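Peer 1: My structure is below; once you've seen it, I'll send some questions.
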């Protein structure tokens, strides 16, 4: 029998391993050449792995969630022809060198590369739903959803095969919610009902629910979990909250947006904050740093690469605006907007999702007075933006309505003293309250 | 006559019609020790004196009519031929050969399923014991479960008992000469199927019907193409007319106006309905609950006596072979211990008139009577290419669906050869299809079945070909 082994190809520069996030095939499946067999996730990007040959899957080398080293066996395929013809055997042997020589990998890697961007997009949408514990056969995980209730006394709508299965299983179909068109009860509805029992049968009033859905943590969610745990365990956070009067800034922003050129992006508060941070970092450069605590070295960067935490359909992602120090206000705005959209659409590249030296997190749109941001390890500072609200401010003689915004910022207290942290935030505050200062040279 | 050794079995089926023999074969497949009793050839009314022989006769009549059309020189197809001659005796011989093949086939299938066949008339002794008068003696059979599948028989008119020139459908299917003047009493599907066939074979046919319309179980829209065809064939239909009796060679008929008319007739075919065969085999001993003339059954075909089931025509309307078969299959599985119940959504019915009528599920009126708001789509064969190429563009397909969720409630159609579409109609209803499901199913071109898809389009408001 001619067998072909597909190994995990080189999925990106400097990547030694990748997490298997999805199988597109199962043992016994017959696949064509170029059919996608699996999706793996590296630090940031998801890559689809195609099959370079046609054949039948006989073995899967990992389970979803496993971290697979580049070059290790992913799938074994039985090649068509079943070895009856010697020529087939030779071809199979030539295609699948037994040792882990790189010969097998390049064609796969080449095939994978042009696909990686759209593939990441697909993976992004696919993972929006919680990935169940057995994704390759996800059907039984379907939940009972109450279809439109059937009017009293109406016969349930179901095919004869479904009706017979229900009868044999001792189930009254009138109790089974149908998810098909017009409330038709499908085999899957029956599966779900068999799995969950009659507890969810339609009954008036409030019902206790006892079902527990086990969701295996894979892909981006697992990465987020690991990173958050690492940051929170290693870094003693100090969080400093200050309120900023952004009345003047908002006026300027409105004015600039009103007079901007058509090709210029609409300004949000974000580019002003980025520019203000660049100014403040010039005075407190050790806040723009990566702390390698194992080596005991702080890598202080001159370039300001600002990560911008973004909520995407897959979860939290941090696209990075590189060299904010070299971008003007409009440049910062354009770059932040482009990267944010890319992250949401799942088209952001690995490079765009890594390399930040300081991070901004903003939950302002939702509201909230204070946040306690977790530092984007191994960075040492993160600036959190809260909602702008109009508050009465005492100006010495009277209360004035002012647009106020809180900044909630966290710092690695191992590297940054409270005094420096506070000074840094106060500098940003001063810049934002008198926005002309942001643009003053020297 | 020496007494035969008693037979003990698990299941005894009385009657080897399409209900009984299917039940017995299925039971045999399921490993049930089964005996079937039948006095005549297996296959019942359907194979011997009903569905099959009448369809053979209708086919022969159609072929003869086509030949006559060619001979008339009026065929638009440009075909001409010399005057055809029909040898009905040979037609009947051919028909009998088909029947023989089928009944022989059933006997073989029963044997293959290890079902023991006992030939003779059965008679109940009690709810567990039946005696059969066989050629070689009295056979006593004891069974733990008994299925009554005795079928039905033609109803005779008291004023016109069968005999002589008064014949039932059975007699009509055994004629060896086409009667010159045939009077058919009863414009139900059996009378019209046979009346039409004999008219095509050259008989002068008159149909006498007591009700104000033909095929009263169908709505007027469906029967209109049939009425038109009857007129074209020169068949006279007397509605609201009652057959009173024979007066010499003539049949006396009380007409709608009240006067009496004498219809000269060589043969008088009485097809005024069928009644369940519940007499003459000791059923009275068991005193089973009745539903009118029929045996009362529940959704598992159980009668009021434990261990006794009834299937087929003896259990009521619709008296159709395929209903009996489905019941028989179900009962065999129930006896084998399976959990089954009658939950069919529809029993399609076909009337092999010219053109044919098919119904499945609810008609528009029936649906409205049940309180449904309906959407109806009708597509005429006049707009169907395949129907035109067959010179058969009369009729239409009509689909009835719920207005709220578009679930198909019924499909009816009338047209040449449309009986073959009955499965599509029934499948749609049984599967719970919606109008969109049928509309989105690609129907092959050029076929009459396209009219089914188009009718759904029309119900959805966007027909293509009309």
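Just so it is clear, none of the values below were taken in a lab; they were calculated from the coordinates. Not measured: the values here are computed from a predicted model. Quick reminder, even Gly has a Cβ in these numbers, built from the backbone with ideal geometry, and neighbours come from all protein chains shown.
Peer 1: Taking neighbour Cβ counts within 10 Å as the exposure measure, how do B:218, A:240, B:21 sort from fewest upward?
Peer 2: Going from least to most buried by this count: A:240, B:218, B:21.
Peer 1: Using only DSSP helix segments of four residues or longer, with each worth -39500 (n - 2.57), what per-residue ellipticity at 222 nm results for chain B after dividing by its residue count and rounding to 500?
Peer 2: Value at 222 nm, helices only: -9500 deg cm²/dmol.
Peer 1: Note the full-extension length gain between residue A:282 and residue A:311 as 0.36 nm times their separation in residues minus their Cα-Cα distance, in nm to one decimal. Mind showing how you got there, number by number?
Peer 2: Values: separation 29, 0.36 × 29 = 10.44 nm, distance 2.92 nm.
Separation in residues times 0.36 nm, less the Cα-Cα distance, equals 7.5 nm.
Peer 1: A follow-up question, please. Got a sec? How would B:294, B:189, B:309 order by Cβ neighbour count within 10 Å, fewest to most? Before the final figure, lay out the partial values.
Peer 2: Details: B:294 18, B:189 21, B:309 28.
In increasing order of surrounding Cβ atoms, one gets B:294, B:189, B:309.
Peer 1: Follow-up question, since we're still on this one. Across peptide A:156-169, what mean number of C-beta atoms from other chains lies inside 10 Å of a residue's C-beta?
Peer 2: Working: counts 2, 7, 5, 6, 7, 1, 2, 6, 6, 0, 2, 5, 3, 1.
Taking all residues of A:156-169 together, the mean is 4.
Peer 1: State the antiparallel share, in %, of DSSP beta bridges confined to region A:346-442, rounding to the nearest 5.
Peer 2: Counting only bridges with both partners in region A:346-442, antiparallel ones make up about 75 percent.
Peer 1: Roughly what would the spin-label model give for residue B:159 and residue A:207, points 7 Å off Cα along C-beta, in nm?
Peer 2: Each label point is offset 7 Å from its Cα along the Cβ direction, giving 6.5 nm.
Peer 1: Of B:354, B:393, how do they rank once you tally other Cβ atoms within 10 Å and put the fewest first?
Peer 2: B:393, B:354
Peer 1: While we're on this one: Is region B:166-272 rounded, prolate or oblate when judged by the Cα gyration tensor, a ≥ b ≥ c being the square roots of its eigenvalues, rounded requiring a/c under 1.5 and prolate requiring a/b larger than b/c?
Peer 2: It comes out oblate by the Cα gyration axes.
Peer 1: For the protein assembly as shown, give me the percentage of DSSP beta bridges that are antiparallel, rounded to the nearest 5 percent.
Peer 2: 75
Peer 1: Over region B:349-459, what relative contact order in percent results from Cα pairs under 8 Å that are six or more residues apart? Intermediate values should be presented prior to the final figure.
Peer 2: Values: 241 pairs, mean separation 36.0, N = 111.
Dividing the mean separation by the residue count of region B:349-459 yields 32 percent.
Peer 1: For region B:95-137, what is the relative contact order in percent, using Cα pairs closer than 8 Å and at least 6 residues apart in sequence?
Peer 2: Result for region B:95-137 is 25 percent.
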